[in-house]
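Working notes, structure below.
Laboratory data are not the source of any read-out in this text; all were calculated from the coordinates shown. The model shown is predicted, which means the values in this text are computed figures rather than measured ones. Quick reminder, even Gly has a Cβ in these numbers, built from the backbone with ideal geometry, and neighbours come from all protein chains shown.
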Amino acid sequence: MPLSTRYRGRFAPTPSGPLHFGSLVAALGSYLDARAAGGQWLVRIEDIDPPRCPEGAASTLLRQLETFGLEWDEAIMYQHTRGDAYQQALDQLIQLGLAYPCSCSRKQWQAFDIYPGWCREGVCEPDKPLAWRLRSDRGERPIRWQDRLFGEQQFDPAELGDVVLKRKDGLWAYQLAVVVDDAEQHITDVVRGLDLLDNTPWQRQLQSALQLPQPRYLHLPLIVTTEGQKLSKQNLAPALAEDERGVRQQLFQALAALDQAPPKDLAFEPPATQLHWAIAHWSVARLNPTPHRLIPLLPPAGD
Ligand SMILES: [Zn+2]
């Protein structure tokens, strides 16, 4: 295969805290899909919002990936270094008439489900701080694509709203950054949690507008608590194990959460052995196209 079509996947965590079981499942799914395809697997640190990223969190999560045997290729990309590339992309969108400045505050449009586009034809209050928004109503609509697990997808981006590309405080927003960086890293396959499914239409719209290649998408089921909540730092998702036994169990549980039906004995094997088995047996067809998996009961720390 020519180099340009060789599988390249990525895991792109926000370093707002350590990884939890839900992020381990997302990392593992993307890692296995890349390795089973004989491809490369990259790590990108999404540190575009420094106030949300405590000092040292990025190195903590990289150490966690290593502990679970998830070794990446190439140098890590840090989004805080990528401002010039994002600005270039924004300038291109402005030239195309696809981005506009907006002075509105959320308080002003709180009666609406999405931002109603008041500044589309001219900014309402030019002396106020300005954000930049995407003209979601221009370009191909609806956006259609085939998710590798959840099948045919169709969204009208205008119904999702004019998403912010650059914030009033000058920080870059996720949608533009992820599209520019997926292209820069020649990512062919995006494998990530289902919570990002409805972000994909904006990203595909941006890829089209900027004439960037469109990766394939595989959205993975989310790990939820017994109350049906997505695991997150906010609802105190248990931290990943650090001790040898806990690491082996959690890796095994992550494989089970991905419906790979690992043989029971594998739970006692070190990460390298588990991953070796999992790469050889990885099957997207085995994944159930249902949105949620319950968090397994984790052994208490130190047990
Ligand atoms: Zn506005």
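A compact table of results
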read-out: At 1.567 mPa s and 4 °C, Stokes diffusion of the chain via Kirkwood alpha-carbon radius, µm² per second; value: 63
read-out: Extension gain, residue 124 back to residue 145 (0.36 nm per residue minus Cα-Cα distance, nm); value: 4.0 nm
read-out: Rg(Cα)/(2.2 N^0.38 Å) for the range 52-135, N = residue count; value: 1.61
read-out: Point-to-point label distance, residue 184-residue 73, nm (Cα→Cβ direction, 7 Å offset); value: 1.9
read-out: Sequence-distant aspartates and glutamates (8 or more away, or on other chains) whose Cα lies within less than 12 Å of residue 128; value: 169
read-out: Residues whose placed amide H lies under 5 Å from that of residue 222, excluding near-sequence neighbours; value: 194, 292, 293
read-out: Nearest 10 degrees, 0 to 90: helix 174-184 Cα axis against the chain principal axis; value: 70
read-out: Principal-axis tilt of helix 83-95 within the chain, Cα atoms, nearest 10 degrees; value: 40
read-out: Length added when fully stretched, residue 138-residue 110, from 0.36 nm per residue minus Cα-Cα; value: 7.7 nm
read-out: Cα gyration tensor shape for the range 95-218, rounded if a/c is under 1.5, else prolate or oblate; value: prolate
read-out: Within the range 134-188: Cβ-based charge dipole about Cα centre, in debye rounded to nearest 20 (Lys, Arg +1; Asp, Glu -1); value: 180
read-out: Given charges at beta-carbon only (K, R positive; D, E negative), |dipole| of the chain in Debye; value: 360
read-out: Label point distance in nm, residue 169-residue 211, each placed 7 Å from Cα along Cα→Cβ; value: 3.6
read-out: Segment residue 59-residue 230, length gained on full extension (0.36 nm per residue, minus Cα span); value: 59.1 nm
read-out: Trypsin sites (Lys or Arg not before Pro) restricted to DSSP loop in the range 72-115 with at most 13 other C-beta within 10 Å; value: 106, 107
read-out: Angle between the chain longest axis and helix 271-281 axis [Cα atoms, degrees, rounded to 10]; value: 70
read-out: Under 5 Å, built H, 5+ apart or other chain: amide partners of residue 41; value: 9, 73
read-out: Built amide H within the under 5 Å cut-off of residue 165, gap 5+; value: 132, 133, 134
read-out: Isolated Cys residues of the chain, judged by Cβ distance under 4.7 Å to other cysteines; value: 53, 104, 124
read-out: Residue among 187, 270, 207 farthest towards the positive dipole end of the range 178-276, charges placed on Cβ; value: 207
read-out: Helix-only CD estimate at 222 nm, as mean residue ellipticity for the chain, using -39500 (n - 2.57) per DSSP H run (n ≥ 4); value: -9000 deg cm²/dmol
read-out: Phi to ³J(HN,Hα) by Karplus 6.51 cos²θ - 1.76 cosθ + 1.60 over the range 202-218, Hz, x for Gly, Pro; value: 4, 5, 5, 5, 5, 4, 4, 4, 8, 6, 9, x, 9, x, 7, 10, 10
read-out: Tensor-based shape of the range 1-56 (alpha-carbon gyration tensor, a/c under 1.5 rounded, otherwise prolate or oblate); value: oblate
